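J.: Here's a structure for you.
The values are calculated or read from the model by the stated rules, or taken from the named source; none is laboratory data. Everything numeric here is computed off the predicted structure, so don't read it as measured data. Virtual Cβ from ideal backbone geometry, glycine too; neighbours counted across all protein chains shown.
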Amino acid sequence: MVTKNIFAEILARVRGATDALIAAGTLPAGLDQSRVTVEPPRDPTHGDVATNAAMVLAKDAGKKPRDLAEAIADKLRADDLVAGADVAGPGFINLTLKAGAWIDALRSAVRLGSDYGKSDIGGGVAVNVEYVSANPTGPMHVGHGRGAVFGDALANLLDFAGYKVTREYYVNDAGAQVDALARSAYLRYREALGEEIGTIPEGLYPGDYLKPVGALIAKTFGATLKSGPDVERFSVVRAIALEQMMIAIREDLAALGVSQEHFFYERSLIFQEEQGANSTDHIARTIEWLRERGHIYQGRLPPPRGAPIEDWEDREQTLFRSTAFGDDVDRPLMKSDGSYTYFASDIAYHANKIGRGFRTLIDVWGADHAGYIKRLQAAVAALSDRNAELDIKVVQLVKLMRAGVPVTMSKRAGEFVTLREVVDEVGRDAVRFMMLFRKNDAVLEFDLAKVLEQSRDNPVFYVQYGHARAQSIFRNARAAFPELPAELIKLVEVANLERLSDPAELSLMRRIALYPRIIEAAATAHEPHRIAFYLFDLASEFHAFYTLGNASPHLRFIIQDDRQQTEARLVLVQGVATVLASGLKLLGVAAPDEMR
C-alpha cells in the first residue's frame, strides 16, 4: 500500500493554484511546472512547508517573482489544509498548515503500520545493487562491513520505494590474488601433514584462518597433492580454498544480517563450461562488440602529465575510447603479456548486467577504487548506448577505536581486525546503525566502547530506546486503564485526536508526517544515512516530549483522570513507535520492546 505524502499533496495544491491562475488568464498556458518544489523551510519558524513556485515560474510568466508569489499565496489561503500563506524574500511562499493535516498524517501512520512510508516512485524498475564484492582471500574486515551494511540498507530502501531490487556480489575468483590464496592454502596443507613451513613468504596470506582450510585438504586428499603437476595440484587447492573462503564470507555477512541472492563469479566471464559446447570468452566477445561500434581501437596513450598513471605503457595497445563518454583518458584493455586488464573484466561484467535487463546499476565500492569511477561509467554508457545509468557509491574508511585508542590488528586475520570480531563484541545492531549514521563518503570513526554506552551520545541506543520507551508507555497505560483494547492500535478509530494541540504534540506529528518524504528523497539520492539521521531526530523529539511531562504533568502521556487525553497521546506514541520500527527495519536494526 502506497502512503499519502503530505508534501506531494501540498505540491499538487500549489500546482492547482497555478493552474487556476492560468485558467483565469493571469498566467500564460504551457508553463513548465516541473521545477516547482515543496520543501520543509530551513527555519521552522517560517512555517510548515515552503514552495519556490513563483521563483521558477516568474521569468516564463513575464511576472515579478514577488507579485506572482502574492497571487499564488492568495489562492492557497483559500485551501482547506492551509492556515496561512506568507511571501518571503524574493518570492518564496511559506505555508502554515492546519492541525488537521498533521492529525491525518498521524492517523495514516497508525492505520498503515509497517506499510507507512511505502512509495511507488520506483515504478517496479529493475535495479541491480552490487555490494561487498570483497576478494575471497580472507575474512571480511570492518571496511567490508561498512560497504555490506550500506548496500543492504540501500537495497531495503529501494525495495520499500517501489523498485525491483537484485542484491549482487561479484566474486573476484580470477587473477593473482586467488593464485596467492591457493599457494597460501597449499602451505597450510603441508603444515597440516606435519611439515615445518617456517615464515609465510611475502606476498602470500599469513593469517591463521587458512589453517582449517589446509587441514580440510589434508583430510580429504592425504599426501596425494604433495606431488604431481603444479597446475593440477593448485587447481584442486584453489577450488577448495575459494569455496571455504566464500562459506566464511557468507557466514560473516549472515552475522551482520546481510543476504544476497546472486553471486557472480569473475571466472565465468572467461570459462563458461557447458556440456557439448566450447568455453566462451565473454571478455573477448564484449571487446569485439565495442570494437564493431567504434569504441575500441589500437593506439598509443600519451605520457601522463603530473602524477604517473598506473596503467600507462608506451606501446601500441588495445584501448577503449572512454574519453568519448566523459573520461579523462582512453583506457587499455590488454596487458603487455596478452592478459586482460581488470578494467576489461569489469566491462564484460557490466555488459552482463545490462544483458540481464538492468538499466539502473548501483555499485558500492571501497575508497581505494574511487579513481576507477569515470572509466566504468563511460563503459556503461558505451555498452548501453547511454540508456543505462551507473551510480557508484564510495564508502570511506572505518577507523576502529576503543575509548579513543586505535584498535590493533587481529591475530587470526594477520593484518586487520575482522568484521566478525567486531560484530561478536558489540552486536549486529550497533555495527549496522553506526555504519549508517554517517554519510558513506565520509571517514567513520567507530568506537567499540562508545557504541555500548546507554546515553544520548550513543545514537543506536537512543533510537532503540525510543521504541522501547513507547512499549513501556503502552504497558503502563494498560495498568492505569485496564479496559483499554488489547490492541492499542484500535484507539486510532475512537480517540479524539483534536486533543493533540500542544506545540510539542504538533511538532511530533509533523516529524511523523515527514517520514514518507524522507523515504522518497533517500531512495532517489541512494542515501540510506538519511533514514538514520531522521530516526535520531524523531527519537530525540520523542524523548524530549517525555521529559516535558516531568515538569508539566498535563503533558504526560498517561493522565489518570483524563482518559480522552491519554487515548489521544497513546495514538501519538503509536505513531512514533510505528515509524521507529519501520525505519530501523530498513536499516536492518532491531526495534526492541525492552532494553536492560
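J.: With the condition kept exactly as written, say whether any residue in the range 301-312 is assigned to a helix (DSSP H, G or I) and surrounded by fewer than 21 Cβ atoms within 10 Å (Cβ to Cβ).
T.: Within the range 301-312 (the criterion being assigned to a helix (DSSP H, G or I) and surrounded by fewer than 21 Cβ atoms within 10 Å (Cβ to Cβ)), the answer is no, since none of the residues qualifies.
J.: Looking at the range 105-112, can you tell me whether even one residue there is over 21 Å from Leu256 (Cα atoms), more than 21 Å from the chain's Cα centre (by Cα), of a type in the set (Val, Ile, Thr) and buried (at least 24 other Cβ atoms within 10 Å of the Cβ)?
T.: So far as the range 105-112 goes, yes, one or more of its residues are over 21 Å from Leu256 (Cα atoms), more than 21 Å from the chain's Cα centre (by Cα), of a type in the set (Val, Ile, Thr) and buried (at least 24 other Cβ atoms within 10 Å of the Cβ).
J.: Inspect the range 534-550 for any residue being at negative phi, at pLDDT below 95, surrounded by fewer than 16 Cβ atoms within 10 Å (Cβ to Cβ) and out of contact with any Gly (no Cβ under 7 Å at 6 or more places or on another chain) and give the result as yes or no.
T.: There is at least one residue in the range 534-550 that is at negative phi, at pLDDT below 95, surrounded by fewer than 16 Cβ atoms within 10 Å (Cβ to Cβ) and out of contact with any Gly (no Cβ under 7 Å at 6 or more places or on another chain).
J.: What pairs can you find where one residue is in the range 334-355 and under 16 Å from Glu288 (Cβ atoms), the other is in a helix (DSSP H, G or I) and of a type in the set (Gly, Ala, Ser), and their Cβ atoms are less than 6 Å apart, with a gap of 6+ or different chains?
T.: Listed pairs, sorted by first residue: Ile347/Ala379.
J.: With the structure loaded, tell me whether Arg530 is within 22 Å of Ala99 (Cα to Cα) and at pLDDT 95 or above or whether it fails that test.
T.: For Arg530, the condition - within 22 Å of Ala99 (Cα to Cα) and at pLDDT 95 or above - is not met.
J.: Give, as residue ranges, the strands (runs of 3 or more DSSP E) completely inside the range 15-98 that count at least 1 residues that are outside the structural domain of Tyr515 (by TED's automatic domain parsing), under 33 Å from the mean Cα position of the chain (by Cα) and farther than 19 Å from Asn5 by Cα.
T.: In the range 15-98, 92-97 are the strands (runs of 3 or more DSSP E) which contain 1 or more residues that are outside the structural domain of Tyr515 (by TED's automatic domain parsing), under 33 Å from the mean Cα position of the chain (by Cα) and farther than 19 Å from Asn5 by Cα.
J.: Which condition number does Val576 fail, the rest of (1) buried (at least 20 other Cβ atoms within 10 Å of the Cβ); (2) touching a Leu at 6+ places or on another chain (Cβ under 6 Å) being met?
T.: The single condition Val576 does not satisfy is (2).
J.: Out of everything in the range 413-425 that is within 15 Å of Ile249 (Cα to Cα) and not acidic (Asp, Glu), what residue ends up being modelled with the lowest pLDDT?
T.: If we take residues in the range 413-425 being within 15 Å of Ile249 (Cα to Cα) and not acidic (Asp, Glu), then Ala413 is modelled with the lowest pLDDT.
J.: Could you tell me whether the range 241-261 includes any residue that is assigned to a helix (DSSP H, G or I) and of a type in the set (Ser, Thr, Tyr)?
T.: Within the range 241-261, none of the residues are assigned to a helix (DSSP H, G or I) and of a type in the set (Ser, Thr, Tyr).
J.: Of (1) in a loop (DSSP other than H, G, I, E, B); (2) at pLDDT 95 or above, Thr286 satisfies all except one. Which?
T.: The one condition Thr286 does not meet is (1).
J.: Out of curiosity, is Gln464 touching a residue at least 12 places away in the same chain (Cβ under 8 Å), part of a helix (DSSP H, G or I), closer than 28 Å to Arg530 by Cβ and polar (S, T, N, Q)?
T.: For Gln464, the condition - touching a residue at least 12 places away in the same chain (Cβ under 8 Å), part of a helix (DSSP H, G or I), closer than 28 Å to Arg530 by Cβ and polar (S, T, N, Q) - is met.
J.: Can you tell me which of Val171, Val165, Val149 is surrounded by fewer than 24 Cβ atoms within 10 Å (Cβ to Cβ), over 18 Å from Arg238 (Cβ atoms) and aliphatic (A, V, I, L, M)?
T.: None of the other options fit; the residue is Val165.
J.: Out of curiosity, is Arg517 in contact (Cβ under 8 Å) with a residue 40 or more places away in the chain and either assigned to a strand (DSSP E or B) or of a type in the set (Lys, Arg) (or both)?
T.: Criteria met by Arg517.
J.: Can you tell me which of Asn496, Asn440 is on the phi < 0 side of the Ramachandran plot and surrounded by 21 or more Cβ atoms within 10 Å (Cβ to Cβ)?
T.: Asn440
J.: Inside the range 128-165, can you point out the residues that are under 25 Å from Leu400 (Cα atoms) and among the aliphatic types (A, V, I, L, M)?
T.: Val132, Ala134, Met140, Val142, Ala148, Val149, Ala153, Leu154
J.: Only one residue in Ala378, Ala370 is touching a strand residue (DSSP E or B) at 6+ places or on another chain (Cβ under 6 Å), in contact (Cβ under 8 Å) with a residue 12 or more places away in the chain and not in a loop (DSSP other than H, G, I, E, B), so which one is that?
T.: Ala370
J.: Give the range 488-514 a look and list any residue that's more than 26 Å from the chain's Cα centre (by Cα) and either charged (D, E, K, R) or part of a loop (DSSP other than H, G, I, E, B) (or both), or say none.
T.: Within the range 488-514, Lys490, Glu493, Val494, Ala495, Asn496, Glu498, Arg499, Leu500, Ser501, Asp502, Glu505 meet the criteria.
J.: OK, next. Specify the residue that is surrounded by the fewest Cβ atoms within 10 Å (Cβ to Cβ); the eligible residues are those in the range 514-532 that are over 17 Å from Arg42 (Cα atoms) and among the small types (Gly, Ala, Ser).
T.: Ranking the candidates gives Ala525 first.
J.: Given the condition of a type in the set (Lys, Arg) and in contact with a Pro (Cβ under 8 Å, 6 or more places away or on another chain), answer yes or no: does some residue in the range 18-40 qualify?
T.: Within the range 18-40 (the criterion being of a type in the set (Lys, Arg) and in contact with a Pro (Cβ under 8 Å, 6 or more places away or on another chain)), the answer is no, since none of the residues qualifies.
J.: Another question, if that's okay. Considering Arg469, Arg478, which residue is in a helix (DSSP H, G or I), free of Cβ contacts under 8 Å to residues at least 40 places away in the same chain and not acidic (Asp, Glu)?
T.: Arg478
J.: Could you look through the range 264-279, keep only residues that are surrounded by 15 or more Cβ atoms within 10 Å (Cβ to Cβ) and not basic (Lys, Arg), and pick out the one that is modelled with the lowest pLDDT?
T.: Among residues in the range 264-279 that are surrounded by 15 or more Cβ atoms within 10 Å (Cβ to Cβ) and not basic (Lys, Arg), the one modelled with the lowest pLDDT is Ile270.
J.: A further question follows. Among the residues of the range 452-477, what is the count of those that are in contact with a helix residue (DSSP H, G or I) (Cβ under 8 Å, 6 or more places away or on another chain) and either small (Gly, Ala, Ser) or modelled with pLDDT under 95 (or both)?
T.: The qualifying residues number 9.
J.: Given the options Ala430, Ala442, name the one that is assigned to a helix (DSSP H, G or I), at pLDDT 95 or above, under 22 Å from His144 (Cβ atoms) and of a type in the set (Gly, Ala, Ser).
T.: Only one candidate passes the filter, namely Ala430.
J.: So, in the range 199-258, of the ones that are aromatic (Phe, Trp, Tyr) and out of contact with any helix residue (DSSP H, G or I) (no Cβ under 6 Å at 6 or more places or on another chain), which residue ends up surrounded by the most Cβ atoms within 10 Å (Cβ to Cβ)?
T.: Tyr209
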